[in-house]
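**Q** To start, I am sharing the structure in question, which I have written as structure tokens.
The values are calculated or read from the model by the stated rules, or taken from the named source; none is laboratory data. What you see is a predicted model; the values in this text were computed from it and never measured. The accessibility values were calculated without ligands, DNA or RNA, using every heavy atom of the protein model including side chains. Shrake-Rupley method; radii C 1.70, N 1.55, O 1.52, S 1.80 Å.
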Amino acid sequence: MMAVYRASRPVDVMALRERPRQAHQAGFFYRDTEFGRAAVKILPGEYFVSEDDVVLTTTLGSCIAACLYDPGAGVGGMNHFMLPERPGSEGDSGRFGAFAMELLINGLLHRGAQRERLQAKVFGGGQVMKSLAATQIGSRNVAFVAGFLERERIPVVAQDVLDVYPRRICMFPAAGRVLCKRLAPSGVPEMERQESGYRRRMACAPASGEIELFQEQA
């Protein structure tokens, strides 16, 4: 099937801030000077879908970001989840894989995507926290998202997963283009501090160095 590209619409930060937000949808907007456009920062438990000329960004350790795109509709989106599933029966949190994937897919379908045309690019699952090495959270996250996408018959066209690197991900949703930057080991302590903070907050909730150049994941 040939991709049907349509012109994406430029949008400014103020316009993004004024739009109504859905539950679990990212809400941190800023002007990215590197790419010269409005940007959306995706935090753990959040997702965002757009057909506009914006960039979606997130930083990953053992977490996963799934980037889904429909080349026919010219719409894409990204999520960021921390664990495959929530212990017990409650799973209605975007920080857990199954719910995060359903949020993203439903958001895409609502914007005109068709499930049979979706393509996936997957990132993260790095073993960056020594304190979590025994839990294999990163590899469990990768196994979960691979299994989920296989069951949903969504092909994975690119990925950068596992290993020991934190990663910064930038997605241009209207084109389906994704850039991945592996952070040098000197950035691991900061990532470990951030992930530890996220996990502490999850537990309390109810039931610097050199960086490689961006490499496009075609």
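**Q** Please list 3J(HN,Hα) in residue order for the range 28-38, calculated via the Karplus relation 6.51 cos²θ - 1.76 cosθ + 1.60 where θ = phi - 60°; whole Hz, with x for glycine and proline.
**A** The phi angles translate into 9, 10, 7, 8, 8, 6, 5, 9, x, 7, 5 Hz.
**Q** Given 0.36 nm per residue, what is the gain on full extension from His110 to Ala23 after removing their alpha carbon distance, in nm?
**A** Details: separation 87, 0.36 × 87 = 31.32 nm, distance 1.43 nm.
That works out to 29.9 nm of additional length.
**Q** Output wanted: per-residue J couplings in Hz (rounded whole) for the range 102-112, from phi through Karplus 6.51 cos²θ - 1.76 cosθ + 1.60, θ = phi - 60°, x for Gly and Pro.
**A** 5, 4, 5, 5, 5, x, 5, 4, 5, 8, x
**Q** Let me ask something else about it. Rounded to a whole number, what % of the accessible area of the range 15-119 do carbon and sulfur atoms account for, probe 1.4 Å? Kindly include the intermediate steps, with their values, before the conclusion.
**A** Details: 1890 of 4060 Å².
That share works out to 47 percent.
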